[in-house]
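Right, one structure below, let's go through it.
The values are calculated or read from the model by the stated rules, or taken from the named source; none is laboratory data. Predicted model, so just to flag it, every value in this text is computed and none were measured. No Cβ is skipped: glycine too gets one built from the backbone with ideal geometry, and neighbour counts run over all protein chains shown. Ligands, DNA and RNA are stripped out before the accessible areas are found, and what is left, the full protein with its side chains, is counted by its heavy atoms. Shrake-Rupley method; radii C 1.70, N 1.55, O 1.52, S 1.80 Å.
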Amino acid sequence: MADRPPLPPFTRETAAQKVQAAEDAWNTRDPHKVALAYSEDSVWRNRDTFLAGRAEIVAFLTAKWAREHEYALRKELWAHDGNRIAVRFQYESRDADGRWWRSYGNELWEFDEHGLMTRREASINDVPIEESERRIHGPRPEAERGRSFPLQ
């Protein structure tokens, strides 16, 4: 099994690198690419959905991005300890009816010794927004990396 650096135990710097790598991957909206960051037996809770294994993760993400158009995400390191990282995030997307949403959430991540995520728990709330209120337009520009993202 190949390692997926950075590896635990995480420092503030390596935890932040892991968070940015996750943001970058999710902004590709490529379920197969994203799933490679998770162990073969990774377990998830995403809102009210429970998943186990990469195949279920790929299917979930495929369906997610089929309904969340123009999805763009920002993640931020909240805390870290050993092989665990806590993240807060926001993303914006448009539904099939053209309505825009901003989704706020928190994630708890746990990693194995190879740097693969074995557990992900996500709590997410959706807020309707007008298109004129959008703040997230595509992947994070290089100049904004490492910066905190405003709550509102």
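A few notes on this one:
- Close pairs from segment 29-54: first closer than 21 Å to Arg140 by Cα and of a type outside the set (S, T, N, Q), partner open to solvent by 60 Å² or more (accessible area, probe 1.4 Å) and assigned to a helix (DSSP H, G or I), Cβ under 6 Å, at least 6 apart: Pro31/Thr62
- Residues of segment 32-66 satisfying the condition of being touching a helix residue (DSSP H, G or I) at 6+ places or on another chain (Cβ under 7 Å), open to solvent by less than 20 Å² (accessible area, probe 1.4 Å) and not in a strand (DSSP E or B): Val34, Ala35, Ile57, Leu61
- Flag for Asn83 being open to solvent by 30 Å² or more (accessible area, probe 1.4 Å), touching a Lys or Arg at 6+ places or on another chain (Cβ under 9 Å) and not β-branched (Val, Ile, Thr): no
- Failed item, numbered, when Ala66 is tested on (1) touching a strand residue (DSSP E or B) at 6+ places or on another chain (Cβ under 9 Å); (2) hydrophobic (A, V, I, L, M, F, W, C); (3) farther than 26 Å from Ala2 by Cα: (1)
- Scanning segment 87-107 turns up no residue that is buried (at least 16 other Cβ atoms within 10 Å of the Cβ) and outside any strand (DSSP E or B).
- Of note, Trp78 does not satisfy the criterion of being of a type in the set (Phe, Trp, Tyr), within 21 Å of Leu7 (Cβ to Cβ), open to solvent by less than 50 Å² (accessible area, probe 1.4 Å) and part of a strand (DSSP E or B).
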